[in-house]
Amino acid sequence: CTLPFLAELTGYSTVHFQRLFEKYTGRNVREYIRLQRMLRYEEMRNYYPLKAIAEELGFSSASALCHFLEKARDRK
């Protein structure tokens, strides 16, 4: 899911869509997607294998999900 894709879906330019998105969510698109992925991961981690979670969250592999999680921990 990318900013240009979302803007095209809504019929806005990328700049206008980003401005509206930040106004209503308080976050830019990338931050919002990252947060939603982390929240969904937390919901799923005790019930599903890592590979299934990675697929559900749109990662190319379980190792890509692990890399994402490591970067998220570094941000804290």
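The values are calculated or read from the model by the stated rules, or taken from the named source; none is laboratory data. Predicted model, so just to flag it, every value in this text is computed and none were measured. Here the Cβ is made from the backbone with ideal geometry for all residues, glycine too, and neighbour counts use every protein chain on show. Side chains included, ligands, DNA and RNA excluded: accessible areas come from the protein's heavy atoms. Shrake-Rupley method; radii C 1.70, N 1.55, O 1.52, S 1.80 Å.
A compact table of results
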{"item": "Computed lengthening from Asp74 to Tyr48, 0.36 nm per intervening residue step minus Cα-Cα distance", "result": "7.0 nm"}
{"item": "Estimated FRET transfer efficiency when R0 is 22 angstrom, pair Cys66-Tyr32 (beta carbons, to 0.05)", "result": "0.50"}
{"item": "Candidates per chymotrypsin sites (Phe, Trp or Tyr not before Pro) in the stretch 18-76, loop by DSSP, up to 15 other Cβ within 10 Å", "result": "Tyr47"}
{"item": "Two-decimal Rg to Rh for the stretch 1-65 - Kirkwood Rh, Cα set", "result": "1.08"}
{"item": "Crossing angle, helix 62-75 versus the chain [Cα axis fit, 0-90 degrees, rounded to tens]", "result": "70 degrees"}
{"item": "Table column - 3J(HN,Hα) (Hz), the stretch 5-17, Karplus curve with 6.51, -1.76, 1.60, x for Gly and Pro", "result": "5, 5, 4, 5, 4, 8, x, 9, 5, 4, 5, 5, 4"}
{"item": "Alpha-carbon centroids, the stretch 1-43 and the stretch 45-76: separation in whole Å", "result": "19 Å"}
{"item": "Where the stretch 34-76 is the region considered: accessible area per residue in Å², 1.4 Å probe", "result": "76 Å²"}
{"item": "Accessible surface of the chain [probe 1.4 Å, protein heavy atoms]: carbon and sulfur percent", "result": "51 percent"}
